[in-house]
Amino acid sequence: MNKKRSGLIALMVLLFSMNAFAQQITDLKLNEMLINNQDNYIDEYGRHVPWIEIFNTAYNSVDVAECYLTNDTTGLADGSGLKNWYRIPKGDPKTLLKQRGFVVFYMDNAPLYGTFHVNFDPREEGASNYVALISSNGRTLIDIFEFPDELRESSEHSYGYKSDGIAEVEENGSMVSNKGFLEYFTPGSTNKVFEGLTKSEKVALEDPYGIGLAVISMIVVFSVLIIIYLMLKVFARLNRAKTTKPVQTDEKMQSAAAPAIKSAKEDFTGEELAAITMALHLHLSGQHDEESEIITIETPSAHYSPWSQKELTFRRNPSRR
């Protein structure tokens, strides 16, 4: 019974992990592409080759390793097309796409050049007009990216989604395709470029001579100086109040203690007061022994040690009786 239960739990964990992995992989989208790369993005060897970008639409990391890239999905149903596809190697940390991250692959038919160089080239004669991303099982189509023939001739614009990973957008009450030729090349970054002036540029347009900025700066500086002056005044008053308060307290205590001292004097006898007065007088007048704190060292007349006298070193023999 325990073995069956353990087996069932292991099967459920395996199915759950496979489902979670599949959900993560499906978050990957082919996002942007350029074929006629004449003077644009270069690879690590300094070459201008076709490239395609993969985008992680999820807010968690997804590893694209062991998935397939291909421009020929023949044999997808029965898995017979695996040998013609490019299997992304595992072990390279760059294949792990962070949340909303990007990675670029070079379509140069040179897989020996590294992890990100696939084994097909869309410029070859008879090449199809799409690129597919397939799961590691060789049967699940994650995404397919179709492109027009004009992309092979265009070197001024890339082709992809205007908003990253979004296939369709609503326009005039209907859903339209979000894919098309892009105004900017954005390999490895977001396709949606926000145009606008920076804050410094806006200030330069609104205040070309800098008068407003100078006035604002002076107002800020003088305001800070006034605040510091007021704070110092307040601290000075608080300090004066603290120093005068103990003096008033001592005077009050002395006036309050005066009757007690007077009554204590009346309780002592004359002899006791005389003894106390004499003790205070002797203590304050310094009538006690004092040392001069001077050390005198006398030089002996004979510069030898008495221990070296011969009569002290003689050996006495015992007397005979």
- Message: If F185 satisfies all but one of (1) open to solvent by 40 Å² or more (accessible area, probe 1.4 Å); (2) more than 38 Å from the chain's Cα centre (by Cα), what's the number of the condition it fails?
- Response: (2)
- Query: Got a number for residues in region 199-212 being part of a helix (DSSP H, G or I) and open to solvent by less than 100 Å² (accessible area, probe 1.4 Å)?
  - Reply: 5
- Task: Looking only at region 154-167, decide whether some residue is touching a residue at least 40 places away in the same chain (Cβ under 8 Å), over 23 Å from N56 (Cβ atoms), out of contact with any helix residue (DSSP H, G or I) (no Cβ under 9 Å at 6 or more places or on another chain) and open to solvent by 20 Å² or more (accessible area, probe 1.4 Å).
- Result: yes
- Task: May I ask you to list the residues in region 39-84 that are in contact with a Leu (Cβ under 9 Å, 6 or more places away or on another chain) and either part of a loop (DSSP other than H, G, I, E, B) or of a type in the set (G, A, S) (or both)?
- Result: N40, Y41, P50, T57, A58, S61, V64, A65, C67, T73, G75, L76
- Given (1) β-branched (V, I, T); (2) assigned to a strand (DSSP E or B); (3) within 24 Å of D43 (Cβ to Cβ); (4) modelled with pLDDT under 90, number of the condition V131 does not satisfy: (4)
- Item | Selection count, region 134-151, where residues are assigned to a strand (DSSP E or B), under 19 Å from W51 (Cα atoms) and among the hydrophobic types (A, V, I, L, M, F, W, C) | 4
- Residues of region 187-227 classified as modelled with pLDDT of 80 or more and either of a type outside the set (D, E, K, R) or under 28 Å from D39 (Cα atoms) (or both), total: 26
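The values are calculated or read from the model by the stated rules, or taken from the named source; none is laboratory data. In this text, all values refer to a predicted model and were calculated from it rather than measured experimentally. No Cβ is skipped: glycine too gets one built from the backbone with ideal geometry, and neighbour counts run over all protein chains shown. Calculation scope for accessible area: heavy atoms of the full protein, side chains included, ligands and nucleic acids excluded. Shrake-Rupley method; radii C 1.70, N 1.55, O 1.52, S 1.80 Å.
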